[in-house]
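Trainee: Here it is, the structure in full.
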Amino acid sequence: MWKTRVPSFSQMDRSMVMITNERGQVWVPMVVLMGILICLGIGTLVLRVKYRASVQTQRRLDQCVQAKTLQLRDLQNQIEKSNQRIKAERIAAAAALAGSIMTPAALEAVQAIRTVIQAEARIQDALLLRWKWEQAQWAARRGCDSRDDPSPLNLLPEPKWYRDPPDLIGEKALVWRGRGEKTLAIRLSHEPRRSSSEVYSNDKNHWNARWSPFFGPITH
């Protein structure tokens, strides 16, 4: 007669513990690995969102700075051209006044030249007044779009034009009173992104624009 050997309860408990331990040894590393992968995925997503926001902020700052830089460059070139016309008209008026005989026609010509010079001077004043308005708008909006970009030091620059008092001929051309290189900087920041440019003049009284590095706080 065959006898069937039935395992004891202690042997069954031991085998179940072994199976549980084996399963635990497999699942615990898998759970840890899945947790690491999930954390890496979330971290990558957060970095992509931050990078995209940073790129959009940089593009916005660059577009804002570029628009104001080109506007200031055009204003400076308009003033330079107007200065050339004023100087030419003043030379013509001086030549007429230097004549030995001042006929009524010559006096009328000189008066007409004075009127033209005065008109040119008022155009220059209007250009500088308009830039004053741009400066006020920039300060009120704290940049281009009211997003609290600039610090109090990052205001639009002040063109250093000055007009000497008029003489017998009339108004004089504007004179640049700035020291050193004729450069005006426009800078804007929204940490950690920054944008900076310069409007500068060469020896030919012509103003150009260029991007420039932004190092620390800026004063004008």
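Throughout, read-outs are computed from the coordinates displayed, never taken from laboratory work. Note that the coordinates shown come from a computational prediction; the quantities given were computed from them, not determined experimentally. Here the Cβ is made from the backbone with ideal geometry for all residues, glycine too, and neighbour counts use every protein chain on show.
Trainee: Mind giving me the FRET efficiency for Asp125 and Cys39? R0 is 41 Å, r the Cβ-Cβ distance, nearest 0.05 is fine.
Mentor: 0.05
Trainee: Could you check the spin-label model distance between Lys87 and Asn208? Points 7 Å from the Cα along Cα→Cβ, value in nm.
Mentor: Output for this residue pair reads 2.0 nm.
Trainee: Compute the length gained on full extension between Ala105 and Ala140: take 0.36 nm times their separation in residues and subtract their Cα-Cα distance, giving the result in nm to one decimal.
Mentor: The Ala105-Ala140 span can extend by a further 7.3 nm.
Trainee: Could I ask something else about it? Ranking Ser197, Ser212, Ser189 by Cβ neighbours within 10 Å, fewest first, what do you get?
Mentor: Ser212, Ser189, Ser197
Trainee: Using the number of other C-beta atoms within 10 angstrom as an exposure proxy, rank Asp167, Asp62, Asp74 with the fewest first.
Mentor: Listing Asp167, Asp62, Asp74 from fewest to most nearby Cβ atoms yields Asp167, Asp74, Asp62.
Trainee: If you average 1/r over all unlike Cα pairs in region 44-211 and invert the result, what Kirkwood radius do you get in angstrom?
Mentor: Evaluated on region 44-211, it is 18.6 Å.
Trainee: State the extension gain, in nm to one decimal, for the chain segment bounded by Leu97 and Thr115, taking 0.36 nm per residue of separation less the distance between their alpha-carbons.
Mentor: Separation in residues times 0.36 nm, less the Cα-Cα distance, equals 5.0 nm.
Trainee: Here is a further query. Could you state the principal axis extents of the C-alpha atoms in region 150-193, from the largest down, to the nearest angstrom?
Mentor: Here the spans come out as 56, 19, 11 Å, largest first.
Trainee: Would you kindly derive the ³J(HN,Hα) couplings of region 105-111 from the backbone phi angles with the Karplus curve 6.51 cos²θ - 1.76 cosθ + 1.60 (θ = phi - 60°), listing them in order in whole Hz, with x for Gly and Pro?
Mentor: In residue order, the calculated couplings are 5, 5, 5, 5, 5, 5, 5 Hz.
Trainee: Okay, moving on. Could you compute the FRET efficiency for Thr183 and Ala67, with r as their C-beta to C-beta distance and R0 at 22 Å, rounded to 0.05?
Mentor: Step by step, r from the Cβ atoms, then E = 0.70.
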